[in-house]
Structures are given as C-alpha cells and as structure tokens.
Ligand SMILES: [Zn+2]
C-alpha cells in the first residue's frame, strides 16, 4: 500500500520538477549579471536567473570566470574552486559551503538548475565580502556590478592620547607592506592613505569634543582608503610604522610643547574603557622551554600550576573572564602571548615566573616587574634571561624590529598609559606576598625590558615567585600548598586592584 501511494506522489513530484526546470532554464539563459573588476577593463556577463522572486547567480559561471581553479563533480553536484588562495566548496541542494575546511551556513540551499548551481545574489555578495574582502557595488549608469578586489580590510581605529603626543592605531585584517601607505599633512589635518584597502566608512567617521584628535574622516576610493585626522592644533612632527606581526599601523604624532593642561581629563576618558572584566594569565615558558630548573623541578610546571589555581579563584569569586596564554605544557612564543592578550581585549596581564641566580644560593624572595622605559643597559640585561627563550623560537627575526629603538618607544608609549596602574598592581602583589609567604621575602618592585610585556595595551606585570636556586624556596615551590598560597596572594592583589580601579571608573562617572 505504501509503495503505490509513494509512486503516485513521486510521479506528480517529478512532473512538477520537470516543469520547474524547463521554466527556469528558459528564463535562465536569457538573464545575466554584468560584473566588472576595477583592475580590469572587460566586463563579464555572469548567468543569473529570477527564482522565487529573487535574483540568483550561477556559481559555476562566476567561479570559472573569476576563480583561479574550478572543478565540478556532476555526480554529487560539488563545486570546488580557489579564490584568492582560499579553497571554497559548494554543494548542490545543500545550505552548507566550505571555505578553507571550515563549514558555513546559508539561509537557503543552493539550487541545482540545468548544468549549474545557483545561489541568491544577496548571499553571493555576502560571501565575497566576508571571505574575500571584495567589495561589490552596483553602478546604475552602466547597469554593472563593480567588484573591487580590496586586498586589506581596515578595522578598528584606536586613538591613544598620551602625555607627549598621540598614537593612532589602525588594525588591519592581515599584514601588509609599509610601501602601501602614505602620510602627509596640511595645517592641523593629517592624511593617511592605504593602497588596496577597504574600510567601513560609517563606522570609521567620528567626532570628538575633547582631546587632541577632534575628527576622523574616511574616504573609500576604488584603489585605496584615505583617512583624515583633524587635530586641535597644527602638527608637524609625525611618522608611522607598520607592525607586520600584529597587522597594526601606528601613527605617532608628537607634541611640540611638553605638557598639556588637560592630561588628566584625557586619561579619565581612556580609563573609562578599562573596567576590569577580562584578565589574561600567562604561565611563563612551556613545552620545549622548561624555564629555569633544578633536577626534575621545572619553572614551567610550577608556574602553570599557580596560574591554573589563580584562574580558578578569579573565575569563581570575581566574576571575570580569564584568558590563559597556555593551560597545558605547550610552547608559546613570547610575541604570541601579548598578541593573545590584546586580541582577547584583556584588561590586565599577569605573567608568572620563577627566578634563578648563579653562584648565590642564599638569594631568595619575590620580585615583581614593570616594563622599563628604554634606557639603561642594566634593565635590558636583567630581562635577558627571560627573553633568552627567543632562541627556541622559529622566527627570531621578528624581535629585531620589536627591540629596535623606534618600535620600543612606540610600544612603551602605549604601555606608559598604564604605567601607574601596573605599578599599583605590582605593589599590591608584593604586599600580599609579604603577608602570606612567611618563609619568603619581598624584594620589591623592579623594572626591566621583558619582551612578554612589550606591546600589551593594558596594565601588565611580570612576577617572579621565588628562587629555584635557593634550597628552602625550592622545597616550598615544589609543594602544592605553597603554590596555592602564591595563587591566593595574587588573587587578593588582583581583587583589591580591580575594586579600586573599577571604583575610579564608575565613581568618577
Ligand atoms: Zn621565567
């Protein structure tokens, strides 16, 4: 009985399907969408069709014309193509597509019509935009869609007003070359162009009622983005740098005169963005880098245990988000740790380490470090041990730039904004240690050029919880209960810091 009913309804279904296909294919080849690339003269005609009141476009045809590779499996209706070095796969009859192995979902399945796969035009535009950064705009006069192959997409623009100038940071979606940028000024306007970039104009345009930067304007042309920054006063002393590792452009505008009356006001503005809701915990070393060690006791294991204990406490009692640079015994390059901190929008960065000293078994105690402004050779030497992990990293060249005077000044300029906060936290940490770690002693606050702290745009400290080279301290560090005490000290210090900071922000409203 079941068989007869199904075969009847199947017949009807097949009939309807054939009629639809005939109808569609008829309309289909009469229609096309004109697409022109900004960098090419020819206009391409891509098959399109009106289906269910929408305009649909032929994926086969588009990918054959604009993709670098094209392959279709007619048995399974799978199209594979490569566009801008990304592998993209579409499945006929399915609402899923894949880009570089990752699965994405469409609101409606891709239709199989005739010999091709069709996708709603609006969805097609969205895919181009989100995966390939292409911009596609309709030009009414020539009835053509203009596809601009913007190479880079510029995102958030951060204006940091500093005591001695202004640092403007522009985040890009990928690294690009400095040669693509141009900077110049007239009077109090600073202009900056990036070739081959695109930007969301509406989100970029801004006006400020206070501070040195009063306005940000953006113009998108076919080939570039032009950003204009209006300053309160005329400017003359500026430069810019492109950090290829963090895909960030930093424009540095220095003040002619030293002090500005409304520094306090500006700082308040900046601080209001810093409610402490995300804390980044960095267990030093890991994986092939054991840190300092004594027998089987390794720094990487001690600090990971402390950090995990600390994270648990913070999460449980402070209701903050914790970001760990590592939760396992894994090697993480130094640059990546700060990058992770910045990317996660961290408001506090705490790096935990164990100290060691040669030929001085008697030395013991805790030390908490801030990032030192560039200067004394001594400060750099102190950090040499922790920085020496770089030799284990594959791409060592990246630090050459980081430690070049220019980059360092830029990085510490950003960090200087949080120097006071970092110092407060460091003080609280050392006070807690003194109170709780009876067998240790606080060796106080110090400054050094730890690479792991460079470039973190948030208050950050590096704490050395004791000397593995001291017998008593070593025995203590090997004990879980002692490590809990350290975690508890850090927890109370952070708690106190957070309460004070948040009060400053919300209280001064
Ligand atoms: Zn270390």
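Figures for the structure shown
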quantity	calculated
Members of the stretch 327-360 that are surrounded by 23 or more Cβ atoms within 10 Å (Cβ to Cβ), within 16 Å of the ligand (Cβ to nearest atom) and at pLDDT 90 or above	349, 350, 351, 352, 353, 354, 355
Candidate set from the stretch 277-299 (those that are more than 12 Å from the ligand (Cβ to nearest atom) and under 27 Å from the mean Cα position of the chain (by Cα)); member that is farthest from residue 347 (Cα to Cα)	288
Residues of the stretch 467-498 satisfying the condition of being within 16 Å of the ligand (Cβ to nearest atom) and in contact with a strand residue (DSSP E or B) (Cβ under 6 Å, 6 or more places away or on another chain)	467, 468, 473, 474, 477, 486
Number of the exception - residue 273 against (1) within 23 Å of the chain's Cα centre (by Cα); (2) modelled with pLDDT under 85; (3) in a helix (DSSP H, G or I)	(3)
Qualifying position, being at pLDDT 90 or above and not assigned by TED's automatic domain parsing to the domain that holds residue 501, among 302, 251, 279	251
Output for the stretch 185-196, where each listed residue is outside any strand (DSSP E or B) and modelled with pLDDT of 85 or more	188
Residue identified as farther than 27 Å from residue 199 by Cα and in the same structural domain as residue 42 (by TED's automatic domain parsing) among 104, 91, 97	91
Count of residues meeting criterion [touching a strand residue (DSSP E or B) at 6+ places or on another chain (Cβ under 6 Å), more than 16 Å from residue 493 (Cα to Cα) and part of a helix (DSSP H, G or I)] in the stretch 279-329	5
Cβ-Cβ under 7 Å pairs, at least 6 apart or on other chains, the stretch 288-299 side in the same structural domain as residue 474 (by TED's automatic domain parsing) and in contact (Cβ under 8 Å) with a residue 40 or more places away in the chain, far side more than 10 Å from the ligand (Cβ to nearest atom) and part of a strand (DSSP E or B)	291/298; 299/293
Of residues in the stretch 75-124 being in contact (Cβ under 8 Å) with a residue 40 or more places away in the chain and part of a loop (DSSP other than H, G, I, E, B), the one nearest to the chain's Cα centre (by Cα)	84
Of all residues making up the stretch 308-347, the number that are at positive phi and without any contact (Cβ under 8 Å) to a residue 40 or more places away in the chain	1
Any hit, the stretch 300-317, residues being away from the ligand (no atom under 13 Å from the Cβ) and over 24 Å from residue 433 (Cα atoms)	no
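Per-residue answers, yes or no, for (1) surrounded by 17 or more Cβ atoms within 10 Å (Cβ to Cβ); (2) in contact with a strand residue (DSSP E or B) (Cβ under 9 Å, 6 or more places away or on another chain); (3) under 20 Å from residue 71 (Cα atoms); (4) outside the structural domain of residue 63 (by TED's automatic domain parsing):
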position: 108; (1), (2), (3), (4): no, yes, no, no
position: 112; (1), (2), (3), (4): no, yes, yes, no
position: 115; (1), (2), (3), (4): no, yes, yes, no
position: 125; (1), (2), (3), (4): yes, yes, no, no
position: 129; (1), (2), (3), (4): no, yes, no, no
position: 137; (1), (2), (3), (4): no, yes, no, no
position: 140; (1), (2), (3), (4): no, no, no, no
position: 143; (1), (2), (3), (4): no, yes, no, no
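Residue by residue, here is whether (1) at pLDDT 90 or above; (2) more than 18 Å from residue 249 (Cβ to Cβ) holds:
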site: 183; (1), (2): no, no
site: 209; (1), (2): no, yes
site: 215; (1), (2): yes, yes
site: 229; (1), (2): yes, no
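The values are calculated or read from the model by the stated rules, or taken from the named source; none is laboratory data. Only a predicted model underlies this, so the values are computations on that prediction, with no experimental measurement involved. Neighbour counts are summed over all protein chains in view; Cβ atoms, including those assigned to glycine, are modelled from backbone coordinates with ideal geometry.
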